[in-house]
Amino acid sequence: MPPHQLRDEWKASCSVGRELTFDPAQMTELLDHDNHEMRKKFREFMSDPVMTPRYDIPLAEERDIALQRLKRICDAGFISVKDFWTNPLRIFAAHEISAVIDPAMATKMTVQFNLFGGSVIKLGTKRHHDKLLEGIDTLEDVGCFGLTELGYGNNAVEMETTAVYDKSTEEFIIHTPTTLAQKYWITNGAIHAKHIIVFAQLSTDGSKKGIHGILVRIRDDNMQIMPGVRVEDMGHKMGLNGVDNAK
């Protein structure tokens, strides 16, 4: 049954023989506490047929639906990475409502806009902003957040991935020296992402500079893996199978 029909039936059953002791509109205003008009429109938008829950479907279809749902939300303008500059609470409101419908889609949203997009905004320059921000909003440029390593989790201080600056080519050489150093559980990485921000131990002229984030292209515009990059799909999980995790 579509969500809007479930809501209508629930409202009807709750109202039979009962008198409300509060104003629902005022209660909603209190609980929402910010971006009220956006939240109202977003809840109405969630009756879109693509948001109807689907069960017992193949892994590939579940991942595709999660991306479709996120794309519909982006196309409708309910979230933008630029909101971090103008109205950060709007991003959090979008997450709150999205998670009710599809937690896997909400997870992809978090990585795309908060972790990847937020890092581009905060750590990037105008050059990065001009190149990526529009694509982040439209999902033309889906990205990952490459912090977690197999051997160290989110313990960034101990991570082994290295980034060495080569002056002769003006490039960073990203290297995974051991099995434990591989980036792990990387959301969006298995199928949908073109970019990743790799956190690594930076060295220049033999001097260690600590942990830095390096923007790396992992797929071309035809979604083919870039040379020198290896991506493995982590496959089916106990839950959130709309999330395409990679290592």
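Readers should treat all values here as calculations from the given coordinates under stated rules, not as data from a laboratory. As the structure is a prediction and not an experimental result, all values here were calculated from the model. All Cβ positions, even for glycine, are placed from backbone atoms using ideal geometry, and neighbour counts span all protein chains on display.
Between R127 and H4, the C-beta separation translates, for a Förster distance of 35 Å, into a calculated FRET efficiency of about 0.20. Note that region 23-109, at 4 °C in a medium of 1.567 mPa s, gets a Stokes-Einstein diffusion coefficient of 94 µm²/s from its Kirkwood radius over C-alpha pairs. In this structure the amide hydrogen of I218, modeled in the peptide plane, comes within under 5 Å of the amide hydrogens of H195, I196, none closer than 5 places in sequence on its chain. Within the chain, DSSP assigns beta bridges of which about 75% are antiparallel (rounded to the nearest 5).
This model, with +1 at the C-beta of Lys and Arg and -1 at the C-beta of Asp and Glu, gives region 20-138 a dipole about its Cα centre of some 520 debye. Evaluated with a Cβ-only charge set (Lys, Arg +1; Asp, Glu -1), the chain carries a dipole of roughly 320 debye about its Cα centre, given to the nearest 20. If both residues of a DSSP beta bridge must be in region 143-217, then about 70% of such bridges are antiparallel. Counting only lysines at least 8 places from K209 when in the same chain, those with an alpha carbon closer than 22 Å to its own are K122, K167, K183. Along region 105-119 the Karplus relation, 6.51 cos²θ - 1.76 cosθ + 1.60 evaluated at θ = phi - 60°, assigns HN-Hα couplings of 4, 5, 5, 4, 4, 4, 5, 5, 9, 7, 7, 6, x, x, 5 Hz to successive residues, with x for each Gly and Pro. Phi-derived couplings, Karplus 6.51 cos²θ - 1.76 cosθ + 1.60 at θ = phi - 60°, listed residue by residue for region 157-166: 4, 8, 4, 9, 4, 10, 10, 10, 7, 9 Hz, with x used for Gly and Pro. Only one residue of M238, F172, A106 has its Cα farthest out toward the positive end of the dipole of the chain, where Lys and Arg carry +1 and Asp and Glu -1 on Cβ, and that residue is F172.
Given axes a ≥ b ≥ c from the Cα gyration tensor, I'd like to know whether region 165-247 is rounded (a/c under 1.5), prolate (a/b larger than b/c) or oblate. Since a/c reaches 1.5 and a/b is larger than b/c, the shape of region 165-247 is classed as prolate.
Modelled this way, with points 7 Å down the Cα-to-C-beta line, the labels at K11 and F92 are 2.9 nm from one another. Comparing D23, D83, D34 in a Gaussian network model of the chain where C-alpha atoms under 10 Å apart are linked, the largest mean-square fluctuation is found at D23.
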